[in-house]
2 protein chains.
Amino acid sequence: MKTLVIVSHPELSNSPTQQFLKASATPLADVTWHHLDAAQPFAVAEEQAQLLKADRIVLEFPLYWYAAPASLHQWLADVWTDEFAVRPQQLRGKSLGLVVNFSQPEKAYQLGGAEGVSISELLAPYAALARKTGLKLLAPLTIAQFAYQTEKQRAALLVQYQQYLTVDQPQHFDAQAAWWLQQLANSTDPTLTILADTLQQRQDRLESLQQTLAELKQGD
Amino acid sequence: MKTLVIVSHPELSNSPTQQFLKASATPLADVTWHHLDAAQPFAVAEEQAQLLKADRIVLEFPLYWYAAPASLHQWLADVWTDEFAVRPQQLRGKSLGLVVNFSQPEKAYQLGGAEGVSISELLAPYAALARKTGLKLLAPLTIAQFAYQTEKQRAALLVQYQQYLTVDQPQHFDAQAAWWLQQLANSTDPTLTILADTLQQRQDRLESLQQTLAELKQGD
């Protein structure tokens, strides 16, 4: 699976979040990380060719006043023309991911929360874009208050992000487990502690299922 | 009441909608019409001073991929800093208007409609911005398919737009009627036909109310 990550951020070098995500994506073979703000004005034909080559398109940005920064809007206006993205429906069937970070805690974004609006509500334009162009929308990967995250939280984020860029259904447990088994087979990565945790979790889940099964059999 | 209209559109001279709105706003004494795309990069202190002087701030833009064009996002990021708009709450109490145009019919923007999402959902970021900064949000003035509007529809739009920029509560019938009476007193405008219609409507409504009142009295 080929993934194109479209990053909208006006000051990439001043963003620890984006630097972390970039470093996390770098070892991935089939992932292209494309920074929009450095690519303006856009070479439209080239941008469109990149989109056509990708199986997954990931839009990655911080929330500024509850929306993406200007460069993403400019890119959509310039590159996602009717002739390219709507009428021929040539993007249909690809998946669309959203990696969104913000400086408030996750729970601020809900009815009655400090922001009073949910992330899903704020990302409604991308759901509409996916529907219009035939893309399969993935649940967003949200990153709240990266600055306050512990080393362990960041290691977990690295895994979650790599899975989001490379796994067919990144929010499914079985797909995550398969990803871990592949990592184990390929490398001796510093994230082995987290891997052990996840495998343990899978083990626990399997044991719990087996116990339920045994109880059901006794009841027969 | 002083009104500041903030217009985000990359090609103003190619937009019949924006040209029409600009001409409609021109005769209004206390209205400043400010085109963002011509003002980049923004003179932040000056932009902020204009905002402080206004009683009503109107954001005016077409929907591009279900959101405002890039210049509005850039302006919000540059001008509406935390230090200016959030911490001191110095915009609190002003009103925030939204004038939004699009090329699909109004009914496309609903559950099950061609776009599948409502204008209110798409404008959620501005509701959140108003809440955060203490602005009073007005119901948006939406303009669907301006290109297909008849002369009569456009005359009605002119009136609606002028009221939106100058009337305290532009969606209240009484405020609209008061506006009309003022127009009548001041001028001999080409929109007199529409004015006559509206006064007739008010007359009909008054008659209907009087009839209801009479029936209620008989029932006593």
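The values are calculated or read from the model by the stated rules, or taken from the named source; none is laboratory data. On a predicted model such as this, the values are computed, not experimentally measured, just so you know. Please note: Cβ atoms are built from the backbone with ideal geometry, for glycine as well, and neighbour counts cover all protein chains shown. With ligands, DNA and RNA removed, areas are computed over all heavy atoms of the protein, side chains included. Shrake-Rupley method; radii C 1.70, N 1.55, O 1.52, S 1.80 Å.
Against the condition in contact with a helix residue (DSSP H, G or I) (Cβ under 6 Å, 6 or more places away or on another chain), open to solvent by 40 Å² or more (accessible area, probe 1.4 Å) and either within 14 Å of chain B (Cβ to nearest Cβ) or more than 20 Å from residue A:60 (Cβ to Cβ) (or both), how does residue A:111 come out, does it pass? Let's see the steps before the verdict.
On the way: in contact with a helix residue (DSSP H, G or I) (Cβ under 6 Å, 6 or more places away or on another chain): no; open to solvent by 40 Å² or more (accessible area, probe 1.4 Å): yes; either within 14 Å of chain B (Cβ to nearest Cβ) or more than 20 Å from residue A:60 (Cβ to Cβ) (or both): yes.
So residue A:111 fails the test.
Only one of B:124, B:177 is at pLDDT below 95 and hydrophobic (A, V, I, L, M, F, W, C); which? Steps first, answer last, please.
Working: B:124 fails: at pLDDT below 95.
B:177 is the lone residue from the list that is at pLDDT below 95 and hydrophobic (A, V, I, L, M, F, W, C).
Filter the range A:163-186 down to the residues that are polar (S, T, N, Q) and open to solvent by 20 Å² or more (accessible area, probe 1.4 Å) and list them by number.
If we filter the range A:163-186 for residues that are polar (S, T, N, Q), which is where we start, we get A:163, A:166, A:169, A:171, A:176, A:182-183, A:186.
A:166, A:169, A:171, A:176, A:182, A:183, A:186, listed by residue number.
Would you mention how many residues in the range A:99-146 are in a strand (DSSP E or B) and of a type outside the set (A, V, I, L, M)?
Here is the first cut: in the range A:99-146, the ones in a strand (DSSP E or B) are A:99-102, A:136-137, A:141-144.
Filter once more, so that each one left must be of a type outside the set (A, V, I, L, M): A:101-102, A:136, A:142.
Number satisfying all stated conditions: 4.
Filter the range B:36-82 down to the residues that are more than 10 Å from every other protein chain (Cβ to nearest Cβ) and of a type in the set (Phe, Trp, Tyr), then identify the one that is farthest from the chain's Cα centre (by Cα).
B:42
In the set A:58, A:117, A:100, A:79, which member is crowded, with 17+ Cβ neighbours inside 10 Å and touching a residue at least 60 places away in the same chain (Cβ under 8 Å)? So that I can check it myself, show each step before the final result.
Numbers: A:117 fails: touching a residue at least 60 places away in the same chain (Cβ under 8 Å); A:100 fails: touching a residue at least 60 places away in the same chain (Cβ under 8 Å); A:79 fails: touching a residue at least 60 places away in the same chain (Cβ under 8 Å).
Exactly one residue qualifies, and that residue is A:58.
If you scan the range A:194-220, which residues turn out to be open to solvent by 100 Å² or more (accessible area, probe 1.4 Å) and modelled with pLDDT under 70?
A:220
Based on this model, can you work out whether residue B:79 counts as of a type outside the set (Ser, Thr, Tyr) and closer than 19 Å to residue A:69 by Cα? Lay out the reasoning, then the answer.
Working: of a type outside the set (Ser, Thr, Tyr): yes; closer than 19 Å to residue A:69 by Cα: yes.
So residue B:79 passes the test.
Across the range A:85-94, which residue is nearest to residue A:164 (Cα to Cα) among those that are open to solvent by 10 Å² or more (accessible area, probe 1.4 Å) and away from chain B (no Cβ under 11 Å)? Even if it seems obvious, please write down each step before you answer.
Applying the first criterion (open to solvent by 10 Å² or more (accessible area, probe 1.4 Å)) to the range A:85-94 yields A:86-90, A:92-94.
If we keep only those that are away from chain B (no Cβ under 11 Å) too, we end up with A:87-90, A:92-94.
Details: A:87: 29, A:88: 27, A:89: 24, A:90: 23, A:92: 19, A:93: 17, A:94: 14 Å.
The qualifying residue nearest to residue A:164 (Cα to Cα) is A:94.
Being in contact (Cβ under 8 Å) with a residue 24 or more places away in the chain, open to solvent by 10 Å² or more (accessible area, probe 1.4 Å) and at the interface with chain A (Cβ under 9 Å from one of its Cβ atoms) is the filter here, so list the residues in the range B:126-145 that pass it.
Matches in the range B:126-145: B:126, B:132.
Please report, ordered by residue number, the helices (runs of 4 or more DSSP H) entirely within the range A:1-98 with at least 2 residues that are touching a Cys at 6+ places or on another chain (Cβ under 8 Å) and assigned by TED's automatic domain parsing to the domain that holds residue A:141.
Details: elements: A:16-25, A:44-53, A:70-79.
The helices (runs of 4 or more DSSP H) meeting that bar number zero.
Can you find a residue that is within 24 Å of residue B:66 (Cα to Cα) and open to solvent by less than 60 Å² (accessible area, probe 1.4 Å) anywhere in the range A:17-29?
Start the filter on the range A:17-29 by keeping residues that are within 24 Å of residue B:66 (Cα to Cα), which leaves none.
Checked against the condition, which is being within 24 Å of residue B:66 (Cα to Cα) and open to solvent by less than 60 Å² (accessible area, probe 1.4 Å), the range A:17-29 yields no hits at all.
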